[in-house]
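In what follows, a structure is listed as structure tokens, so that the remarks can point back to it.
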Amino acid sequence: GVQSKRRQDRNKYRRSGQYTMNHDHSKKIPDGASFDRSGSQDSLDELSMDDYWKELENIHETRGNNHEERVALVVREPDEGELEEEWLKEAGLSNLFGETSGDSLESMVFLSTLTRTQRAAVEKRVETVTQTMRKKNKQHQIPDVRDIFRLQNDSKGKVCDGSEPSTVRTSENKNETHDGKKGPKFSLETDEQKNLLEDMPSSDTDINLEISFAEQAANLKDSSVGKMYKGGGGDTLLPNFRLPKDKTGTTKIGDLAPQDMKKVYSLALIELTALYDILGTEFKQQKAVKIKTKDSGLFGVPLSLLLEQDQKRVPGTKTPLIFQKLIAQIEETTLETEGLLRIPGVATRVKGLCQELEAKFYEGTFNWENVKQHDAASLLKLFIRELPQPLLTVEYLKAFQDVQNLPTRKQQLQALNLLVILLPEANRDTLKVLLEFLQRVIDHRDKNKMTLKNVAMVMAPNLFTFHGFGSKAIEQSEFVMAAGTANVMRFMIQYQKLLWTIPKFIVNQVRKQNTESQKKEKKDKAMKKLLKKMAYDREKHEKQEKTPNDTDVPQGVIRVQAPHLSKVSMAIQLTEELKAGDIVARFLSQKSGNVQTLKKEEVFLYEIGGNIGERCLDDDTYMKDLYQLNPNAEWVIKPKQS
């Protein structure tokens, strides 16, 4: 009886699903949306959606067997202004309101580096919080949102202390830094951005990382030329997006030091919000109410806790051991098995394996030889579904789903890029390993018949339909979501390499903030701490003058340190073509017997200090260009910290 009831449900789902997709959607989604119903192979019709519903049915089946019903995760409806207050906290701007609103020097520096659209996003949220506070009549000093930004816009853009325009226009003549040296050029000012936009020979498939995504969207909206990119098609027809080469090097997640990553996080949050604002999509972070979760074991344990217990066993591991082992187990057989990931394991057997793993995995007594490949695949999906909070997090799951509503594919990709940056490290690392594995499955599609579309269909329900939100609403809107989330899943797999890049405009904003903070610190002589620091700085500076680093190094030459290598230091002449990889190679060719030999892929050149905390350079970074961007950096070759 249950089976036939399910079948009816599924057909009802499908019928309504097809109805929704062919009718409602065409009204709701603008023309160039994530899928195009032109009757090409990309209209996600009933046939190809089949995998999605089957997967959903399998999921319900495994759940049915799981008698001890889990506590649903409650997502709280926040009070008015609460969301915005939370958002400002997350963006590192909580001192714009509340008791500490006087103490916002840091925030002033931060705000002065924002683009026009980012600033508008902040203003909008501060406004809401301010109004709410006035209503509640909290006894806070409530700044008027206009005052906050007026401080910066007064007197043709002098910052509060009149030091320098807050708009980040650093045109040639203003390019002196505080110590009189020629300073690096940052292009963040919106006029400059506009010109840059016009100059850029942009093709449909180039992802421009130099200019704020929201600014690009705003300019696209303003210009009537805003042709929405329309492309249907299946696997082969997803546009071949690429990143144009950046001479100062591409920055990947993991290349920057934690203090700079914190700034990247704040900027990514503001940028994503600005992008959604401009495109008229609501961006709401969901808030989970804490629920009781298991505090040990494998399945149903919070990711952070699982990693904590695994790192005691394997120091430095970035993803859960059971997750790694299940993937290894699937790959061990062969990735050529037809229907891999699509064909479920036997439900009762999977349940049994699950219990046995809980008991024996960490003791090392579990017998992996009994695990059939399809069972391992089912366990992998079960692991992802059973996480007490979704892999894409309660906060951002909805924002990931909403990516499908953005007008162009390029904007969808830009939003996903920012969302990946916003994920907590454990979630991001686990997602990365998963996406890389899925790509390897797809690489064998000739044999296993699992194309990008099939894999996306099968995996989307596991990442996007989250048991915790146990509300009827999700069930009903499931078929509306289905095609959309499958598309988002496709995007994440297809463009995973691009998604782990930190956009250059954000790195530049971090550099700008660091420069401004350093200036402010130097200015504020009143504080004792700073006096001490300055005395120390002076001493350090005098010491530095004595080292060959500053004085004996002629123009256009940098001093590179390599404490781990046999050749500890070298003066390197900068040429137009010299890249980071060449410098590393030069050091590695100087071998001497007594030092442990490090391989090329183990050591990297780092840019340290100046206007960045620390940044690991990709081999193709042109050193002269980077030196012009950060002339006060030190250069060190060292192994990458895991």
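Here is a yes/no grid of residues against (1) surrounded by fewer than 19 Cβ atoms within 10 Å (Cβ to Cβ); (2) in contact (Cβ under 8 Å) with a residue 12 or more places away in the chain:
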position: GLU336; (1), (2): yes, yes
position: ALA347; (1), (2): yes, yes
position: GLN355; (1), (2): yes, no
position: TRP368; (1), (2): yes, yes
position: ARG409; (1), (2): no, yes
position: ASN417; (1), (2): no, yes
position: HIS444; (1), (2): yes, yes
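Do we have GLU601 as out of contact with any helix residue (DSSP H, G or I) (no Cβ under 6 Å at 6 or more places or on another chain), under 26 Å from LEU629 (Cβ atoms), modelled with pLDDT of 90 or more and open to solvent by 80 Å² or more (accessible area, probe 1.4 Å) here? No, not satisfied. Residues that are of a type outside the set (Val, Ile, Thr) and more than 20 Å from GLN439 (Cα to Cα) do not occur anywhere in the range 323-334. Scanning the range 278-290 for residues that are farther than 16 Å from TYR396 by Cα and open to solvent by less than 50 Å² (accessible area, probe 1.4 Å) turns up ILE278, LEU279.
The values are calculated or read from the model by the stated rules, or taken from the named source; none is laboratory data. A quick note: this is a predicted structure, and the numbers were derived from the prediction, not measured. Cβ atoms come from the backbone with ideal geometry, glycine included; neighbour counts cover every protein chain shown. When the accessible area is computed, the model is the full protein with side chains, heavy atoms only, and any ligands, DNA or RNA have been set aside. Shrake-Rupley method; radii C 1.70, N 1.55, O 1.52, S 1.80 Å.
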